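The values are calculated or read from the model by the stated rules, or taken from the named source; none is laboratory data. This is a predicted model, so every value here is computed, not measured. Heads up, the Cβs are rebuilt from the backbone with ideal geometry, glycines too, and the neighbour counts pull from every protein chain shown.
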Amino acid sequence: MKKDNLHIKVSLTNNPYEIVIGKNSLEYIGDELSRIGFRKGLKVLVVSNKEVSDHYGNCVIKSLIKSNFNPKLLILKAGEEQKKQSSIDLIHDAAYEARLERGSLMIALGGGVIGDMTGFAAATWLRGIHIVQIPTTLLAMVDASIGGKTGINHAKGKNLIGAFHQPKLVLIDPKTLVTLPKREFKAGMAEIIKYGVISDLNLFELLEKQNNISNISSIEEKLLIKIIERSARSKVEIVIKDEKESGVRAFLNYGHTFGHVIENLCGYGKWLHGEAVAMGMIAVGQLAVQRGLWKRIEAERQKQLIEKAGLPSKWPGLELEDVLSSLQGDKKVKNGKVSFVMPLKIGAVKIFNNISDQEINECLQKLS
């Protein structure tokens, strides 16, 4: 274990764990597992994709073997379009071949797609085995790996199939971002901007002060770690208050309602998740301005920050009827009404579920 690692406690009543952030911490995953109580000889299934595994798979496997664990590596295809039942079948088949037991462990080594799928496979294998998240994308580091949401997409909607299954550990090594494609890095910035809007004005203003937030090479290492830490803490604070999304955790869906529509209608993989969320934030910001909930100047600040991150700010050409139909298929619909998380000011949001089709139409026309 590296002494200079940052440790963030996720103090849930039933499933507490830690988020560990540290440069080169990937090399010490075996030590970290031993530190939190996993026994020697434990069977471990590491799930990754080729792009990530080529860079980091060998490092993880070596560390596990060095700490006397018994690892197997499974390589899946990359991409949001792989987030489906057939991929879960592949993980379950590998779990069977590796003879994983109820005390065994799966490790998700990759971005949000790998994390969501491996988490769901772990939640459903033998009615639930341990999962450790090692996120290698910015988006997964600050969002997908934290909080225990796991799942896959349905043909009719995103993340409609899933389970809450908290990890035993989240290990974040910022060094993995060096090999992250530029587009993926930008997509991760969308979720960081989201935390600024929903709960952290200081984080939002910190991002505004930077000359360039669209490229990792333009961000100092200490600042990058600070941004990751602040974002992770923002999510942890909300998850601790509301583990199963019965209240304030829904704030984390800011930008996601419209974002999921874009992903669904444009086709998974055409827009990255973070890109769709960024556009969704602009859309719901416009909706809030129409309602008089949010000042136009703050909506413009949000748009400018999103554009500074190199993220899309123009609504794709989608038919209103298709948008309304997709919204009705969203998992956050209650009694036929779609819930929208809307900004009241930078740093504060509120949930509304009385939005009319006419308001949505007006909003999208202004964005087109």
Can you pull out every residue in segment 287-330 that is assigned to a loop (DSSP other than H, G, I, E, B) and over 23 Å from the mean Cα position of the chain (by Cα)?
ARG291, GLY292, LEU293, TRP294, LYS295, GLY317, LEU318, GLU319
Failed condition for GLY115, given (1) assigned to a strand (DSSP E or B); (2) within 18 Å of LEU26 (Cβ to Cβ); (3) not hydrophobic (A, V, I, L, M, F, W, C):
(1)
For ALA121, state whether it is in a helix (DSSP H, G or I), over 14 Å from the mean Cα position of the chain (by Cα), buried (at least 24 other Cβ atoms within 10 Å of the Cβ) and of a type outside the set (Ser, Thr, Tyr).
yes
Flag for PHE251 being in contact with a strand residue (DSSP E or B) (Cβ under 6 Å, 6 or more places away or on another chain) and either free of Cβ contacts under 8 Å to residues at least 60 places away in the same chain or part of a helix (DSSP H, G or I) (or both):
yes
Just give me the residues in segment 181-218 being crowded, with 21+ Cβ neighbours inside 10 Å, of a type in the set (A, V, I, L, M) and without any contact (Cβ under 8 Å) to a residue 60 or more places away in the chain, in sequence order.
ILE192, LEU203
Please state which of the following conditions LYS222 fails to meet, knowing it meets all the rest: (1) more than 21 Å from PRO167 (Cβ to Cβ); (2) in contact (Cβ under 8 Å) with a residue 60 or more places away in the chain.
(2)
Counting only residues that are of a type in the set (Asp, Glu) and over 24 Å from HIS7 (Cα atoms), give me the helices (runs of 4 or more DSSP H) lying completely in segment 177-241 with at least 1 of them.
182-199, 201-209
What pairs come up if the first residue lies in segment 58-85 and is surrounded by 15 or more Cβ atoms within 10 Å (Cβ to Cβ), the second is in a helix (DSSP H, G or I) and basic (Lys, Arg), and their beta carbons are under 6 Å apart, counting only those six or more places apart or on different chains?
ILE75/LYS50
In segment 128-160, what residues are surrounded by fewer than 20 Cβ atoms within 10 Å (Cβ to Cβ) and either in the same structural domain as TYR195 (by TED's automatic domain parsing) or at pLDDT 95 or above (or both)?
GLY128
Flag if ARG127 is among the charged types (D, E, K, R), within 15 Å of HIS273 (Cβ to Cβ) and more than 15 Å from the chain's Cα centre (by Cα):
no
